[in-house]
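The structure appears right after this line, and notes come after that.
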Amino acid sequence: METVMESKAVLRKNLLARRRAFELKRWLADSEQIQTQAAFLPLLREARRIHCYVSMEHDREVRTFELLERLALEGKAVYMPYIEKGVMKAAIYHSAQKFRISVSAPPTPEPLVLSGEERFEVVFVPLAGFDRRGGRIGFGKGWYDRFFSRLSGHGIHPVKIGLAFSFQEVPSVPCDPWDEPLDMVVTENEIINCQHNSK
């Protein structure tokens, strides 16, 4: 019988292959639509500390560069993930941030300034696939699940928002007990309230 891990691995492989084959012009247009919808979410008006991944363009992740810049220019405290010895930490994002680009890892800010801040109100999360109940197929490393577990241990419960293209939706994500569900998913077509769908 296929395990949850094996089932996720098959879904991940298929979804990532489809995303990497995404036509450039459509990828840019849909990314722009997703970023715009995300930037105008009502909950962002009150949020002061926002954590957002930096998109890996070679992987055709939903672009986030414009979203990061917009949030910083609005005066938000913006942070981005940095992996150190298998632990996800928060690096400070500044307006007009420069990056070191890698073909196999997320962009790294230059200069790299780590922060001990954890009181995030919103975290934008990358994903390979999702379902409408907030199930998320990540990239198999468990970084975000451990990150959210650590925040929860400190009494911090940010709104977890996935950014995804509509074709990344699956009927149901196989979940492990430690998987952290998303609260919302923003696609080019809609904003999905996962908390409502999980009831």
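The set of residues in the range 48-87 being among the small types (G, A, S) and out of contact with any Asp or Glu (no Cβ under 6 Å at 6 or more places or on another chain) consists of A72, G75, A77, G86. Scanning the range 88-96 for any residue that is at positive phi and in contact with an Asp or Glu (Cβ under 8 Å, 6 or more places away or on another chain) turns up at least one such residue.
Restricting attention to the range 1-60, and to residues there that are part of a loop (DSSP other than H, G, I, E, B) and of a type in the set (V, I, T), which single residue is surrounded by the fewest Cβ atoms within 10 Å (Cβ to Cβ)? Across the range 1-60, the extreme among qualifying residues is T3.
Taking the options E74, E69, E117, name whichever one is within 25 Å of H154 (Cβ to Cβ), surrounded by fewer than 19 Cβ atoms within 10 Å (Cβ to Cβ) and either out of contact with any helix residue (DSSP H, G or I) (no Cβ under 7 Å at 6 or more places or on another chain) or of a type in the set (A, V, I, L, M, F, W, C) (or both). Of E74, E69, E117, the one residue that is within 25 Å of H154 (Cβ to Cβ), surrounded by fewer than 19 Cβ atoms within 10 Å (Cβ to Cβ) and either out of contact with any helix residue (DSSP H, G or I) (no Cβ under 7 Å at 6 or more places or on another chain) or of a type in the set (A, V, I, L, M, F, W, C) (or both) is E117. Based on this model, can you work out whether R146 counts as assigned to a helix (DSSP H, G or I) and under 19 Å from H51 (Cα atoms)? Taking the combined requirement at face value, the residue satisfies it. Scanning the range 152-174 for residues that are among the hydrophobic types (A, V, I, L, M, F, W, C), out of contact with any strand residue (DSSP E or B) (no Cβ under 8 Å at 6 or more places or on another chain) and buried (at least 18 other Cβ atoms within 10 Å of the Cβ) returns a single hit, F165.
Residue-level analysis places S95 among those that are surrounded by fewer than 17 Cβ atoms within 10 Å (Cβ to Cβ) and over 25 Å from F167 (Cα atoms). Put simply, of A38, A77 the only residue that is modelled with pLDDT of 95 or more and farther than 26 Å from N189 by Cβ is A77.
Given the criteria part of a loop (DSSP other than H, G, I, E, B), modelled with pLDDT of 90 or more and closer than 20 Å to L43 by Cα, does R119 qualify? Yes; evaluated as a whole, the condition is true for this residue.
The values are calculated or read from the model by the stated rules, or taken from the named source; none is laboratory data. It should be emphasised that the depicted structure is a prediction, and the values quoted were computed from it without experimental measurement. In this analysis, Cβ positions are derived from the backbone assuming ideal geometry, glycine residues included, and neighbour counts consider all displayed protein chains.
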